[in-house]
Structures are given as C-alpha cells and as structure tokens.
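Encoded as structure tokens, the structure appears first; notes follow it.
The values are calculated or read from the model by the stated rules, or taken from the named source; none is laboratory data. A quick note: this is a predicted structure, and the numbers were derived from the prediction, not measured. Cβ atoms come from the backbone with ideal geometry, glycine included; neighbour counts cover every protein chain shown. Heavy atoms of the whole protein, side chains included, go into the accessibility calculation; ligands, DNA and RNA do not. Shrake-Rupley method; radii C 1.70, N 1.55, O 1.52, S 1.80 Å.
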Amino acid sequence: MENSSEIRKPSLIGMTRAELSAALCALGVPDKQLRMRVNQIWGWLYAHGVHEFDEMSNVAKNLREKLAAHYSLARLELADAQHSDDGTRKYLFRLDDRQLVETVYIPELDRGTLCVSSQVGCTLTCRFCHTGTQKLVRNLTTAEITGQMVAVRDDLQDWGMGGPSNSGHRKVTNVVMMGMGEPLFNSDHVAEAL
C-alpha cells in the first residue's frame, strides 16, 4: 500500500493539450518548440500508449528526464474486471478519492464500442438503470474520463495503428458517453475528453 506521506507525481495521462503545453512550458521548453513537443508527447500517450518516458524515442533525453522527475504516466486503478463469453468486458475503476466508476467494452464484428462514465452516480432516476438508484457524488474530471479509455486500451493491447491487433483483440473504434452518469450534466469535461 502506498505511503500516505508520499507525494504522487501528477500523470500526463488525461491532460488536455493546453495543460500539457503549460506543463512543458514550466519545464523550460522554448515557445518555438512547444507545439512540436506537445504533438510528439500526445502521440506517445494516445497513439502508442507508452508506460515509460524512455519509450518516447523522438523526445530529447533531457526532456524525458525532466518529465520523469515531475510527472508520471500512471493509469486509473483497476478495481475489478469481468469478461463475458461474447467478448464484452466490464471494468470497475477506483479513482484517487476511492470512488468507483464503470466502463464497458462491447466488441462486434465490424467495430469495438467503449462505453465511458462521466459521473460518479447519477442525478436521473431512470427505472431501467441501476446507476439511477445511486445518488450523484460528483462529475468526473477530463483526466478521469480519458483515463478510462487509456486503461481499457492497455487491457485490450490496443495500441498502434491499423485494424485488430495480432492478439485477436478488437480496436476501440467507437466511444459512447454513457454508463454511470449523464454526460450532458458534465459537458465541459466530457467535451475536453472527447
């Protein structure tokens, strides 16, 4: 278990481009290089799914060292996962404040859909929905919404370009903002995550 006195480094996973730009600026990246560096790191985070800064081979070594000293590439904590015979996967993620949210991956012949939560609980009381019986606790941050996608793509080994991976898992081709919570009640963070 993590020492509570230990200070965790913030993760780059889930930062918006503006937040990533500000982080790089604070590390001394010159303005004329900022856009290029944001694009490089963005690609490593969301196209390649790197877990270590040293994997960012086209980023200068001194910048990778600065990033590693101040930031992490930490993912959401997986609390539970259930896999169905039809390939559907249901994930339960534990957030930093110990709240839990669900994410569901649904494979089909021609696509793979990821259903992402936008809130902990829900304000609606839809009779057909178990989440509707839970009170709204809070909206998710942009990083928590994006973090669901990154963590599922890790589990599916879904990094790289092209169609289904060699491991037989399907690519996430569609993202649906549903599941726990009503996305339009958290529209700012949902829009940034998308």
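Quick notes on this structure:
- Sequence-distant residues sharing a close amide H with G112 (under 5 Å, placed H): T173, N174
- Computed magnitude of the charge dipole of the chain (debye, nearest 20; Cβ of K, R +1, Cβ of D, E -1): 380
- Long-range amide H partners of E77 with built H, under 5 Å: R94
- The GNM of the chain, with springs linking C-alpha atoms under 10 angstrom apart, assigns the highest mean-square fluctuation among P30, P107, P183 to P30.
- Within the same chain, lysines fewer than 8 places from K9 are excluded, and of the rest, those with a Cα less than 18 Å from its Cα are K66.
- Springs join every pair of Cα atoms under 10 Å in this Gaussian network model of the chain, and among N39, N174, N62 the largest mean-square fluctuation is at N62.
- Measuring with a 1.4 angstrom probe and ignoring ligands and nucleic acids, M149 comes out at about 50 Å² accessible.
- Low-density loop positions, GluC sites (Glu not before Pro), segment 94-156 - DSSP coil, at most 16 other Cβ in 10 Å: E108
- For segment 44-54, Karplus couplings with θ = phi - 60° (6.51, -1.76, 1.60), whole Hz, Gly/Pro x: 5, 6, 10, 9, 10, x, 4, 10, 10, 4, 5
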